[in-house]
Amino acid sequence: MTGPFPSLGTEAPSGRLGAVLRAVGADEPVALGRTGPWLVTSPADSRRVLTDTACFDFPLDVSRRAVRRGAGRAAASGPPTPHETFAALGPAAVAAGRRVVAEELRSRCGDPGTVVEAMDLLRAPVARSTAAAALPDLDPTARDEIADLVLSWVDALGPVIAHRRNPARFSRVRRRESVARRRLEQRLTDAGEQHPARIATYLAAGTQVPIAAGAWLLVALAAHPGVATDLRAGETEPLAAVWETLRLTPPTWVTGRVSAAPVELGSTRLPAQAVTLVSPLLLGRRAELVPGPEHGEADRGVFSPRRWTGVAMRPGAWLPFGAGPHACPGRNLGLAQLLEVVAWAGRHDLEPGAVARVDQSRGIFPAPSTLVVHPRHPDRSSSD
Ligand code: HEM
């Protein structure tokens with residue numbers, strides 16, 4: 001399933017992504033099917049769904065089958081299920097992860113005219129960075145081995161997630177995924193980890209998403225050479241380019257909860273066990289969360305980091321890292337990794353090698369994400 005990049009603002013891509021974009025102006029929850037899921041559209045309702053844990057439970061099952069049955073979770077009734085949460089990474093871990101991604105990126109694409117897929121370019125640097133932050137006691141060799149196994153698991157998980165129906169337990173895709181997961185968990189156990197399954201999940205969540213975000217960022221910079229010039233001239237903050245990418249193309253463009261009991265959102269009453277979706281991609285196009293006044297309806301679909309210069313409005317109100325107890329614990333590392341991607345881009349001239357399209361199969365990522373890369377000579381002036 002693909003659609004065109006970069007506007008993603010006014011056109012109507014296929015599938016659920018198209019349905020979400022069509023709902024941008026709405027203020028009440030929108031049912032995307034006869035029995036849901038319900039898409040929440042207002043910023044206040046979105047925040048409530050993610051933070052009001054008495055009314056909205058973390059989902060066990062939001063598969064199409066569960067939504068068709070109108071039952072978003074396995075337990076038929078009862079109190080919200082307790083779920084483990086992850087502590088946010090501290091400053092030392094973030095600094096360690098940032099150092100690794102910077103070192104890993106430094107040596108990549110040294111030859112003029114290198115053609116590269118942004119998704120491939122960022123795989124090892126991001127996986128190693130996240131492993132360095134999460135597993136600070138490991139030596140670099142063990143860390144890199146684990147990062148490779150995380151990537152193998154993420155690759156094997158892709159077809160399972162993208163499958164239209166839940167693939168059968170003994171299907172080829174499931175078996176491949178389970179072998180990759182067991183290899184990773186065994187390596188984590190060998191490295192002395194007490195909770196290998198939990199760490200494996202953590203590492204996988206912190207690998208695929210920042211790779212996709214970084215790839216969107218590079219694709220956007222290649223498509224907007226004026227922004228790259230502004231960045232070099234210091235007229236745009238690198239962080240503004242990061243937020244603008246997370247606004248237009250947040251890799252986790254939709255996240256879900258399940259109503260624990262019937263609940264009112266605005267004047268809409270959702271039944272119990274209703275799969276309720278919050279979309280950072282939708283919220284990032286809401287007029288009240290994106291700076292104006294010169295930025296009209298169509299402009300909110302345009303990549304323009306400058307819109308964040310000199311405004312009081314705070315970026316991130318569209319929840320690209322979620323909110324509440326299950327908000328992203330790797331937020332600060334993710335932002336640091338993306339800042340290093342901007343720094344790498346500043347040392348190169350980037351051209352789009354193909355029209356990037358939106359792959360909706362696991363979150364959203366650009367496919368293809370082809371770039372033609374020319375290293376910049378260190379003597380070249382900042383704005384030429
Ligand atoms: C740009 C980078 C990233 C983005 C945009 C991002 C975004 C998100 C979002 C939207 C969620 C779901 C929140 C919710 O449902 O309320 C999430 C969850 C999560 N993220 Fe990230 N993330 C990023 C980087 C990372 C990194 C670097 C790590 C690990 C070091 C990480 C680990 C996790 C984990 C473990 C969860 C699950 C939290 C839970 O269920 O309690 N993420 N992330």
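The values are calculated or read from the model by the stated rules, or taken from the named source; none is laboratory data. The model shown is predicted, which means the values in this text are computed figures rather than measured ones. Every residue, glycine as well, gets a Cβ built from its backbone with ideal geometry; the counts of neighbours run over all protein chains shown.
Here are the numbers for the structure shown:
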item: Condition check for ARG182: free of Cβ contacts under 8 Å to residues at least 60 places away in the same chain, farther than 21 Å from TRP318 by Cα and part of a helix (DSSP H, G or I); result: yes
item: Segment 253-273: number of residues that are polar (S, T, N, Q), outside any loop (DSSP other than H, G, I, E, B) and surrounded by fewer than 20 Cβ atoms within 10 Å (Cβ to Cβ); result: 1
item: Output for segment 32-87, where each listed residue is among the β-branched types (Val, Ile, Thr), assigned to a loop (DSSP other than H, G, I, E, B) and modelled with pLDDT under 85; result: THR35, VAL62, THR81
item: Pick from segment 170-196, criterion surrounded by 14 or more Cβ atoms within 10 Å (Cβ to Cβ) and of a type in the set (A, V, I, L, M, F, W, C), ranking: farthest from ASP144 (Cα to Cα); result: VAL173
item: Which numbered condition PRO320 fails, given (1) surrounded by fewer than 18 Cβ atoms within 10 Å (Cβ to Cβ); (2) assigned to a loop (DSSP other than H, G, I, E, B); result: (1)
item: Test result for ALA215, touching a strand residue (DSSP E or B) at 6+ places or on another chain (Cβ under 6 Å) and either in a helix (DSSP H, G or I) or not hydrophobic (A, V, I, L, M, F, W, C) (or both); result: yes
item: Residue list for segment 229-240, restricted to those being touching an Asp or Glu at 6+ places or on another chain (Cβ under 9 Å) and crowded, with 20+ Cβ neighbours inside 10 Å; result: LEU231, THR236
item: Contacts under 8 angstrom Cβ, first residue in segment 320-342 being on the phi < 0 side of the Ramachandran plot and at pLDDT 95 or above, partner basic (Lys, Arg) and more than 6 Å from the ligand (Cβ to nearest atom), 6 or more apart; result: PRO320/ARG247; PHE321/ARG331; ALA323/ARG47; LEU333/ARG98; ALA336/ARG98; GLN337/ARG98; LEU339/ARG98; GLU340/ARG98
item: Out of PRO250, PRO210, sole residue that is within 11 Å of the ligand (Cβ to nearest atom), touching a helix residue (DSSP H, G or I) at 6+ places or on another chain (Cβ under 9 Å) and outside any helix (DSSP H, G or I); result: PRO250
item: Unmet criterion (only one of (1) in a strand (DSSP E or B); (2) modelled with pLDDT under 60) for GLU11; result: (1)
item: Hits in segment 20-56 (condition: in contact with an Asp or Glu (Cβ under 8 Å, 6 or more places away or on another chain) and within 15 Å of the ligand (Cβ to nearest atom)); result: PRO43
item: Filter result (within 18 Å of ALA336 (Cα to Cα) and of a type in the set (A, V, I, L, M, F, W, C)) within segment 102-119; result: ALA102, LEU105, ALA118, MET119
item: Any helices (runs of 4 or more DSSP H) falling wholly within segment 90-165 and containing at least 1 residues that are more than 13 Å from the ligand (Cβ to nearest atom) and surrounded by fewer than 18 Cβ atoms within 10 Å (Cβ to Cβ); result: 91-106, 118-121, 140-162
item: Single condition LEU319 does not satisfy, out of (1) within 16 Å of the ligand (Cβ to nearest atom); (2) under 25 Å from ALA95 (Cβ atoms); result: (2)
item: Subset of segment 348-366 (residues that are of a type in the set (Lys, Arg) and in contact with a Leu (Cβ under 9 Å, 6 or more places away or on another chain)); result: ARG362
